[in-house]
Amino acid sequence: MPTKRPIFLYSLLATLFVITLLYQAGYLPSFFRDEVTHCPFFFAESGSNRITFATAESEAYGIHDGDQLIAVNGVPYTGTGMLGHALRSATVGVPLAVTIVPKDSPAGAQRSIALPVTSFHLTFWGATSDLVVGFLLPAVSLLLGFWVAFRRPRDPLAWLLLALMMSFPHILQSFIVQGWAPGWREAGMLYELILEAAFPIIIFLFGRFFPEPFPGGGRYDKVWRALQWLCALPFAFLALGGVAVNVGGLSSYQSVAGLSAFLKSFDTAGQVFAYVLVGSFFSAMGIKLGLTQSPDARRRLRFLYWGAIAAFTPALVPTLYAKLQGKNASEVFPQWFMAVVIVPLLLFPLSLSYVIVVQKAMGVSVALRQGLQYTFARGGIRVLQLAAIGAVIVAGTTMAGNASHDRPQKTIVILVGITLYFTIRRLGDGLRTWVDRRFFRENYNAEHVLSELSEQVRSITESKSLLETVAARISETLHVPQVAVLLGGGGFYRPAFAMGYPSLPTVAFPSKAGTAMVLKSQKEPARVFLNDRDSWVYREQDISDDERGKLATLQSELLLPLAVRDKLLGFISLGPKRSEEPYTGSDVRLLKSVAAQTGLALENANLLQTVADEVAQRERLNREVEIAREVQERLFPQKLPTIQGLDYAGHCRPALGVGGDYYDFLALPHGNLGVAIGDVSGKGIAAALMMASLQASLRSEATRAPENLAAAVGNINRLVYEASSSNRYATFFYGQYDPARGRFDYVNAGHNPPILIHGFDGTSTVTRLEPGGTVIGLLEGAGYEQGTVLLRPGDVLVAFTDGISEAMNLQDEEWGEELLLDTIRGHRTASAQELLDCLFDAATRFAGAAPQHDDMTLVVMRAFAVERD
């Protein structure tokens, strides 16, 4: 169903746009009107009457930094708004009368000074500065910010970009707003100062989150989080105080004198915070440039990084030099020099525009290469619509003006003409909408359709149906005529299904070189730019002209890898859209999810097909157990990832060769470990297949590295419920261990509570990991809760199925959890594997000659201290 428009967000955006227009409408005329007259310039600080800035020309007339301003034009000085109004309304030939108390006056004697007001003749360099500061810089910045926010109103990064572009022009201080009329000047000053003060914080946040945030929990993420609290937050408080002082000081400096004096003691700290926050943007871009693996992403970051340096450095160096001398840059350097260093500031919004619009860094859809067919289709409909309306108007006017028609006839003609006008207009609008959705532009609910497809492919277990469904839905949703799915086999990747071509393309990509190796190593969608010599298609030495020719045959614009673990099963080639619009970042993210789920479903389908083929070829009655056992062995971990500070092991001993028990270890991002154990109801092939479904569902969720395990287990429950019969279910326990924090998050879905023993001395404690919910696969909408424990060095966690705790001897006595605990305590120094073997041996000795009645599965984890160099 169609995605609802974010009315509130658009309303908020429109409100900001109106406020910005009002400010600019008042700012630009004031800016250029001030250039008509000239008076020696000086200004006082907001929290007192002390003059803090005086040009060399003002000093020549006797006004210096540190003097006290007493009156202007005979009126006692009250605030910066009064001075700004006097400077703005100054008339040529009428001197500006200023009364001051010089800072070096021995008895506080007042002195009157008459400042001449003359005509101002604008120089070339002055005009250049005014054009950049007053028009070009805000125009380019605001156009980019509002346009991106309008196109992506739900994207927080788009709003952050808007804030950055609104605040960036205000880094250059002006003294225009102070001269506005009361009320307007307070509103204008509030707008101006909030944006000026927010710039260091906004650019800090932009560096942290653009184009992607640092990996959560990583080293850089922790550094930027620390800066957020140590620099950004204190700076925000100081900035808010400064805003209050400057706004209040417009009408009465005495009302904010106390707050101003208090904030002065933090001036140096505030400047340090500001420089650190701005510098963090460049650090973040440089770090991300070094970490990024994708060549296209690296090219975007490199352009933005050097563009920002080229923009800021010319203005920053003289500003810092002047600061060291306790002056403003305009006091130290000539006007032509200041104009030269201000102009490069335009490079910052222009660099962002190039990276975001041309390089599609934020997935903003702009048809820079939109085809003529789309233009003509839309334009042709509008031309026909206008022509029809024009014909109706001409015909109606002619007939209504015919003297042979009486009044009722003329009235009918006019009414028919009005009806036809609105009918043609409505039909034309409807026809353009139909053309959009049917032939050219992205479907309005593309995100919904692709997200739904990502979920749907999990339940498809037949390869041909899977490929047809995925290709057809992608083609239909994004209006991509040419889609080809290539699968590996025999050392090559060849088309297994294709649509939009006259016949199945006869191309083959070697699996050990070129395109296949790029997709396998990057594990990310790859854009294909055959007309760009800097693209990876030309940079990679293993990609030959023959392979580029095959990509041209497929008309590839985007390649989606179908990968499971480190194995590349194949890839999907997408041709250009009908509109010839590029694939946006949003497209790529959604298609990446679809490809990931398709790869998992394809692997699962291949596994199930392998099982089915083997069962069909062998004697079903004699070989069923062996086939299922082989399948089950493939599902258990073949190699254990190395986890810092953790010794662990697992093993399953089926009762009849094929069992329903399951355990798994999953290597997760940031060195974390996923641990799973479960008990599927039933035995034999059916239990093994359900186990395969459970594993596929688990790995599908685990690849996302979810923090909300309760929601992840809820998704697994729903998928297993949909893929299994009503009498099938499984007890299940899943946890994720974070070695950096020693934290173990888990969800227990109706499984035997694992045992956690803290220490082995006389104060050792036992914790049973019970929080979770009911079994999976039984109730579709079951809810779950998440538990958390800490594993300290020496702690041992043992997870088991009921085949261990309920092992029975010939007297029908159960081994029980108490004997299990005693065995664990009796082997306090054993490794995880040794403890696991001891537990199996103890249970076996207790059972004696009694047959094993249920599958027995154990997972043992032992935390140990890591030696530091």
When region 701-730 is checked residue by residue, the ones that are hydroxyl-bearing (Ser, Thr, Tyr), surrounded by fewer than 23 Cβ atoms within 10 Å (Cβ to Cβ) and either in contact with a helix residue (DSSP H, G or I) (Cβ under 9 Å, 6 or more places away or on another chain) or touching a residue at least 24 places away in the same chain (Cβ under 8 Å) (or both) are Thr703, Tyr721, Ser724, Ser725
When restricted to Gly575, Gly570, the only residue under 18 Å from Phe497 (Cβ atoms) and surrounded by 21 or more Cβ atoms within 10 Å (Cβ to Cβ) is Gly570
Counting only residues that are assigned to a loop (DSSP other than H, G, I, E, B) and either hydrophobic (A, V, I, L, M, F, W, C) or at pLDDT 90 or above (or both), region 461-502 contains a total of 3
With respect to Glu547, is the statement that it is assigned to a loop (DSSP other than H, G, I, E, B), closer than 29 Å to Thr292 by Cβ and not small (Gly, Ala, Ser) true?
no
Every listed condition ((1) open to solvent by less than 50 Å² (accessible area, probe 1.4 Å); (2) polar (S, T, N, Q); (3) free of Cβ contacts under 8 Å to residues at least 60 places away in the same chain) holds for Ser521 save (1)
Residue pairs qualifying under the 7 Å Cβ cut-off, at least six apart or on distinct chains, with the first in region 776-802 being farther than 24 Å from Met856 by Cβ and open to solvent by 70 Å² or more (accessible area, probe 1.4 Å) and the second being part of a strand (DSSP E or B) and modelled with pLDDT under 90, are Arg792/His758
Result of the Cβ filter at 9 Å on region 646-671, keeping first residues that are closer than 30 Å to Ala740 by Cβ and partners that are of a type in the set (Asp, Glu) and open to solvent by 40 Å² or more (accessible area, probe 1.4 Å), at least 6 apart or interchain, is Ala649/Glu834; Ala649/Asp837; His651/Asp837
Only one of (1) over 27 Å from Lys683 (Cα atoms); (2) in contact (Cβ under 8 Å) with a residue 40 or more places away in the chain; (3) among the hydroxyl-bearing types (Ser, Thr, Tyr); (4) open to solvent by less than 30 Å² (accessible area, probe 1.4 Å) does not apply to Ser805, and that is (1)
Inset, instruction - Would you check if there is a residue in region 666-674 being touching a Cys at 6+ places or on another chain (Cβ under 8 Å) and open to solvent by less than 10 Å² (accessible area, probe 1.4 Å)? - result: no
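Looking at this structure, is Ser330 within 21 Å of the chain's Cα centre (by Cα) and either farther than 22 Å from Ser353 by Cα or open to solvent by 50 Å² or more (accessible area, probe 1.4 Å) (or both)?
Working: within 21 Å of the chain's Cα centre (by Cα): no; either farther than 22 Å from Ser353 by Cα or open to solvent by 50 Å² or more (accessible area, probe 1.4 Å) (or both): yes.
It is false that Ser330 is within 21 Å of the chain's Cα centre (by Cα) and either farther than 22 Å from Ser353 by Cα or open to solvent by 50 Å² or more (accessible area, probe 1.4 Å) (or both).
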- [ ] Return a yes/no flag: does region 237-248 have any residue that is touching a Phe, Trp or Tyr at 6+ places or on another chain (Cβ under 7 Å), small (Gly, Ala, Ser) and touching a residue at least 24 places away in the same chain (Cβ under 8 Å).
- [x] no
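Could you check, for region 291-307, whether at least one of its residues is more than 21 Å from the chain's Cα centre (by Cα), farther than 30 Å from Trp184 by Cβ and hydroxyl-bearing (Ser, Thr, Tyr)?
Scanning region 291-307 turns up no residue that is more than 21 Å from the chain's Cα centre (by Cα), farther than 30 Å from Trp184 by Cβ and hydroxyl-bearing (Ser, Thr, Tyr).
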Checked against (1) under 29 Å from the mean Cα position of the chain (by Cα); (2) small (Gly, Ala, Ser); (3) open to solvent by 20 Å² or more (accessible area, probe 1.4 Å); (4) farther than 18 Å from Ile19 by Cβ, Ala127 satisfies every condition except (1)
- Message: For region 23-31, check the following and say yes or no: at least one residue is over 46 Å from the mean Cα position of the chain (by Cα) and open to solvent by less than 70 Å² (accessible area, probe 1.4 Å).
- Response: no
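How many residues are of a type in the set (D, E, K, R), surrounded by 19 or more Cβ atoms within 10 Å (Cβ to Cβ) and outside any helix (DSSP H, G or I) if we restrict to region 579-600?
Filtering region 579-600 for residues of a type in the set (D, E, K, R) gives 580-581, 587, 589, 592.
Those left that are additionally surrounded by 19 or more Cβ atoms within 10 Å (Cβ to Cβ): 581, 587.
Then keep just the ones that are outside any helix (DSSP H, G or I); that gives 581.
Result for region 579-600: 1.
If I filter region 1-38 down to residues being assigned to a loop (DSSP other than H, G, I, E, B) and among the charged types (D, E, K, R), which single residue comes out as modelled with the highest pLDDT? Show your work before the answer.
Keep residues of region 1-38 that are assigned to a loop (DSSP other than H, G, I, E, B), which gives 1-6, 34-36.
Subset that is among the charged types (D, E, K, R): 4-5, 34-35.
Details: Lys4: 61, Arg5: 70, Asp34: 45, Glu35: 51.
The extreme case among them is Arg5.
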Every listed condition ((1) closer than 30 Å to Leu28 by Cα; (2) touching a helix residue (DSSP H, G or I) at 6+ places or on another chain (Cβ under 7 Å); (3) assigned to a helix (DSSP H, G or I); (4) modelled with pLDDT under 90) holds for Ile194 save (4)
Of the residues in region 89-104 that are touching a residue at least 24 places away in the same chain (Cβ under 8 Å) and within 22 Å of Ser119 (Cα to Cα), the one that is farthest from the chain's Cα centre (by Cα) is Gly93
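Results for (1) open to solvent by less than 20 Å² (accessible area, probe 1.4 Å); (2) part of a helix (DSSP H, G or I); (3) among the hydroxyl-bearing types (Ser, Thr, Tyr), shown as yes or no for each residue.
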site	(1), (2), (3)
Gly217	no, no, no
Lys222	no, yes, no
Gln228	no, yes, no
Ser251	no, no, yes
If we keep only residues of region 55-88 that are open to solvent by 50 Å² or more (accessible area, probe 1.4 Å) and in contact (Cβ under 8 Å) with a residue 60 or more places away in the chain, then the residue nearest to Pro102 (Cα to Cα) is Ala56
Reported set for region 98-136 where residues are part of a helix (DSSP H, G or I) and either at pLDDT 85 or above or of a type in the set (D, E, K, R) (or both) is Asp130
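Tell me, which residue of region 525-544 that is open to solvent by 20 Å² or more (accessible area, probe 1.4 Å) and in a helix (DSSP H, G or I) is modelled with the lowest pLDDT? It would help to see each step written out before you state the result.
Looking only at region 525-544, we keep the residues that are open to solvent by 20 Å² or more (accessible area, probe 1.4 Å), and these are 525, 527, 529-534, 538-542, 544.
Filter once more, keeping what is in a helix (DSSP H, G or I): 538-539.
Working: Tyr538: 85, Arg539: 82.
Only one residue fits best here, namely Arg539.
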Within region 551-567, the residues that are crowded, with 19+ Cβ neighbours inside 10 Å and assigned to a helix (DSSP H, G or I) are Leu551, Leu554
The number of residues in region 804-827 that are touching an Asp or Glu at 6+ places or on another chain (Cβ under 9 Å) and not in a helix (DSSP H, G or I) is 6
Those residues of region 838-869 which are under 47 Å from the mean Cα position of the chain (by Cα) and open to solvent by 20 Å² or more (accessible area, probe 1.4 Å) amount to Arg862, Phe864, Ala865, Val866, Glu867, Arg868, Asp869
Contact list, first residue from region 314-327 and within 17 Å of Pro344 (Cα to Cα), second anywhere and open to solvent by 80 Å² or more (accessible area, probe 1.4 Å), beta-carbon distance below 8 Å, six or more apart or interchain, is none
Selection from region 179-191 of residues among the small types (Gly, Ala, Ser) and either open to solvent by less than 20 Å² (accessible area, probe 1.4 Å) or outside any helix (DSSP H, G or I) (or both) yields Gly179, Ala181, Gly183, Gly188
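The values are calculated or read from the model by the stated rules, or taken from the named source; none is laboratory data. All values reported here derive from a predicted model rather than from experimental measurement. Neighbour counts are summed over all protein chains in view; Cβ atoms, including those assigned to glycine, are modelled from backbone coordinates with ideal geometry. When the accessible area is computed, the model is the full protein with side chains, heavy atoms only, and any ligands, DNA or RNA have been set aside. Shrake-Rupley method; radii C 1.70, N 1.55, O 1.52, S 1.80 Å.
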